[in-house]
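The values are calculated or read from the model by the stated rules, or taken from the named source; none is laboratory data. Note that this is a predicted model, so its numbers are computed, not measured. No Cβ is skipped: glycine too gets one built from the backbone with ideal geometry, and neighbour counts run over all protein chains shown. Accessible surface areas use protein heavy atoms only, side chains included; no ligands, DNA or RNA. Shrake-Rupley method; radii C 1.70, N 1.55, O 1.52, S 1.80 Å.
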Amino acid sequence: MDGIESKQAQDSTNMNRIIVSYLNGRGLIFDAEDYLKLRFEHRIVGNLIGVPTSHPRNVNQQGLPAVLSGYELKLLLQREVVQLVDRQKSLLTEPSEVNVQLYRTMVERQKQELQMPAIEKRLEAFRKHLPRIVEGKRRKLLKSGFKEEDINISGEQLLEEERKRISQEKFDAMVQIPLKHPLPLDFSAASLHLSPEEEVKYVVFERLWNRGGFITTGDAFGCDFLLYPGDPMYFHASHMVHVLKRGTSQRLDVNYLVRVCRLAVVVNKLCVLAYVDELTNEVHFETIEWEGNTNKADNF
């Protein structure tokens with residue numbers, strides 16, 4: 001009985017976790033609400049790689065899906081925030097007739113929803129000219145030999161006839177393809193594997209995350225991590241973090257120190273060297289700055 005209750009509790013916990021699709025070695029978030037929850041509640045930014053649906057031609061703005069780094073994934077998995085799943089087999093399987101029909105129904109509903117604003121806009125223009133249309137029809141009937149008392153033209157009837165006529169017309173419409181799969185899919189649990197070098201970087205990443213602020217990968221700036229005092233949407237990065245892979249046993253030459261320090265000066269950030277003590281497994285941080293440039297920010 002205890003085993004059954006334990007399994008039910010575990011299933012309930014998994015249902016509350018955010019689903020992350022593990023495809024080709026990358027964790028992907030397709031649902032907007034899930035991504036916003038990770039960003040605002042857990043300070044996990046990821047990397048948006050898609051095209052925003054509201055600005056599809058804007059090359060300076062990205063949209064869903066979001067890719068999570070291995071460090072972000074491991075942190076979220078350890079805190080039981082996400083569930084890593086593999087849907088590749090289901091995605092490669094030919095859909096059943098039921099699912100095909102469900103999808104077609106969904107597309108047709110989208111088309112109808114897109115037509116409604118266009119229909120209402122044309123009806124609004126028709127209502128504006130309705131008195132003139134009614135008067136024109138009345139004059140036309142009088143010229144045809146109808147008597148005044150026999151003419152009964154209803155504006156509401158004309159409006160309804162116009163609505164039916166417009167609804168039968170074909171409209172050019174862009175149907176949005178959903179990022180999140182619109183139909184239920186079978187999936188299997190996926191596991192995350194980090195290399196020994198990535199494991200060292202994860203220890204540093206977790207320590208930094210526990211200290212607050214936002215952390216992103218620093219590939220674009222030639223470092224391992226970038227630190228932000230707040231959401232990167234509103235703040236610039238303040239620190240560049242370089243992780244020493246071999247910890248205290250790694251020797252640093254002058255060229256390396258000059259290179260990373262000058263790079264930080266050029267992009268107006270502080271340079272931080274991070275390493276893990278092999279004996280105590282503690283993370284240590286050292287901030288280095290170019291002489292004469294120490295007044296722009298506090299040490300890490």
Fill in the blank from the handout: When the stretch 211-229 is checked residue by residue, the ones that are of a type in the set (Phe, Trp, Tyr) and open to solvent by less than 20 Å² (accessible area, probe 1.4 Å) are Phe225
Exercise for the section: Considering only residues that are within 25 Å of the chain's Cα centre (by Cα) and in contact (Cβ under 8 Å) with a residue 24 or more places away in the chain, look in the stretch 84-101 and name the one that is farthest from Glu162 (Cα to Cα). Expected result: Leu84
Exercise for the section: Give me the pairs, please: first residue somewhere in the stretch 118-145 and touching a residue at least 40 places away in the same chain (Cβ under 8 Å), second residue anywhere and in a helix (DSSP H, G or I), beta-carbon distance under 6 Å, and either six or more positions apart or on two chains. Expected result: Ile119/Ile166; Arg122/Ile166
Exercise for the section: Go through (1) at pLDDT 80 or above; (2) surrounded by 13 or more Cβ atoms within 10 Å (Cβ to Cβ) and name the single condition Leu183 misses. Expected result: (1)
Exercise for the section: Sort out which residues of the stretch 207-223 are in a strand (DSSP E or B) and touching a strand residue (DSSP E or B) at 6+ places or on another chain (Cβ under 6 Å), and write them in order of number. Expected result: Phe214, Ile215, Thr216
Problem - Residues of the stretch 109-131 satisfying the condition of being among the charged types (D, E, K, R) and open to solvent by less than 90 Å² (accessible area, probe 1.4 Å) - result: Lys111, Glu120
Completion exercise
Of the listed residues (Val134, Val175), the one being open to solvent by less than 90 Å² (accessible area, probe 1.4 Å), at pLDDT below 80 and over 30 Å from His242 (Cβ atoms) is Val175
Exercise for the section: Considering every residue within the stretch 242-262, establish whether at least one is assigned by the TED database to the domain that holds Ile215 and touching a Gly at 6+ places or on another chain (Cβ under 7 Å). Expected result: no
Problem - Test: residue in the stretch 89-108 that is modelled with pLDDT under 90, touching an Asp or Glu at 6+ places or on another chain (Cβ under 8 Å) and either open to solvent by less than 60 Å² (accessible area, probe 1.4 Å) or within 30 Å of Gly230 (Cα to Cα) (or both) - result: yes
Practice task
For the stretch 230-266, name all the residues that are under 24 Å from the mean Cα position of the chain (by Cα) and exposed (fewer than 14 other Cβ atoms within 10 Å of the Cβ).
Solution key: Gly230, Asp231, Met233, Tyr234, Phe235, His236
